[in-house]
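The next block holds one structure in the form of structure tokens; read it before the comments.
The values are calculated or read from the model by the stated rules, or taken from the named source; none is laboratory data. Quick caveat, the model's predicted, so the values are computed rather than measured. Neighbour counts are summed over all protein chains in view; Cβ atoms, including those assigned to glycine, are modelled from backbone coordinates with ideal geometry. Only protein heavy atoms, including side chains, enter the accessible area calculation; ligands, DNA and RNA are left aside. Shrake-Rupley method; radii C 1.70, N 1.55, O 1.52, S 1.80 Å.
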Amino acid sequence: MDKAQLMKGILEGCILKIIDQEETYGYEIVTRLQDYGFTDAKEGTLYPLLLRLEKKKLIQGVFKESPLGPKRKYYTLTQDGEMYVSRFYQVWKEVEASVESIFGGR
Amino acid sequence: MIRKNNLEILKEENVDRIANMGGEMWDQLAPVFRYLSISMISEFEIESIKKDLIGMAEEAELQHISLEEKLGIPAKEFCEDLIQSVRRDGGGKSKAGEICMVFLSSVVRTLTFFWVLDNVFFGEPGRINLFSIWFAVILGAIDVGALVALKFAFDRRKRGMIEVGGLVLILICFFYGGIRNSFIVISRGWNLFLGMILIAATVLTYGIQRWYWNRQSQKYEWK
């Protein structure tokens with residue numbers, strides 16, 4: 001079972017939801033994803049997704065001073081991002097219900 | 001006063017931060033940068049990505065871990081995924097235009113330089129040195145080569161050495177080469193007209209580049 005293919009579409013929605021909860025940065029997003037069970041999430045796999053979300057104007061990145069020293073990019077959700085998150089969750093519930101009804105009927 | 005465009009400002013910022021980086025971390029980062037630089041994605045996007053990666057590398061240094069440990073995946077895999085992702089989102093479309101812009105700008109600037117040298121400093125108005133044209137094209141090609149494969153563009157010392165070496169070579173060719181023998185002689189009127197065209201073209205290409213890079217910078221959170 002190729003988990004990566006399944007994860008591709010889901011990860012963007014989950015990243016946006018994490019950013020929606022509070023302003024955050026790459027490493028923290030990875031840690032939160034891993035805490036939620038996405039153990040394969042790494043900063044290297046996350047970065048291209050964050051870049052894409054920024055280009056789509058769903059998130060906005062701003063460089064700020066960090067306690068560690070070098071400036072860090074902090075992300076917040078845009079208005080388009082907020083709409084995307086609610087729509088994502090709606091679609092997810094629909095898909096989940098459909099899959100459940102197929103497997104539940106086994 | 002010639003003001004820097006946003007691409008030049010971002011490049012300088014990246015070079016300054018790299019200069020403060022440890023050698024070991026730079027050795028890990030350099031291949032990633034090289035890989036990005038020879039990919040056909042927009043120049044501003046490359047510099048913007050480099051800024052983010054430099055930040056990750058600086059954090060990795062403070063955490064005493066390698067860049068690959070920070071990324072969590074091999075650097076090559078990271079680069080391939082990143083470039084694929086950027087190109088899928090249309091990130092490579094403007095590269096050809098950028099290369100043409102750099103080439104033309106370099107050729108025009110060099111031709112103007114030689115025209116001014118011949119007419120103002122050497123008092124040889126009306127004589128177009130064919131070497132100047134050849135040299136301008138060569139320098140334009142070098143600038144394009146530097147854009148496409150920036151091996152030394154972010155290593156200040158090497159870049160400085162190459163620039164000084166190039167300047168010395170240019171001066172040697174200019175003063176001692178026997179190549180300054182092929183001329184086209186034109187009338188005074190045409191010579192002035194040519195000079196005006198070249199100066200106007202230099203100003204125009206400077207303005208176009210500045211406008212283009214500043215416009216590109218609006219797509220990215222680079223400050």
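Working from the Cα coordinates of the stretch A:3-104, the gyration tensor eigenvalues give, after taking √(5λ), semi-axes of 27, 16, 11 Å in decreasing order.
Applying 1/(1 + (r/R0)^6) with R0 = 41 Å to the Cβ-Cβ distance of B:I133 and B:R157 gives a FRET efficiency near 0.80. Of all complete DSSP H helices in chain A, those with a Cα span along the helix axis of 24 Å or greater and a mean Kyte-Doolittle hydropathy of -1.0 or more are A:3-21, A:79-104.
Loop-located trypsin sites (Lys or Arg not before Pro) across the stretch B:1-79 with a Cβ neighbour count of 11 or fewer within 10 Å are B:R3, with loop assigned by DSSP. A Förster radius of 22 Å, combined with the Cβ-Cβ distance separating B:L62 from A:T76, puts the computed FRET efficiency at roughly 0.35.
Among residues other than B:W211 whose Cβ falls under 15 Å from its Cβ, what is the net charge (Lys/Arg +1, Asp/Glu -1)? Every neighbour counted, the sum reads +2. Taking label points 7 Å from Cα along the Cα-to-Cβ direction, B:I208 and B:I99 give a separation of 1.7 nm. Checking buried surface per residue: for the stretch A:27-53, which residues lose a minimum of 20 Å² accessible area in the protein assembly relative to the chain alone (1.4 Å probe)? Residues of the stretch A:27-53 that lose at least 20 Å² of accessible area once the other chains are added: A:Y27, A:K42, A:E43, A:G44, A:T45, A:Y47, A:P48, A:L51, A:R52. Once the Cα-Cα distance is subtracted from the 0.36 nm per residue extended length, the A:D20 to A:E94 segment shows a gain of 24.5 nm.
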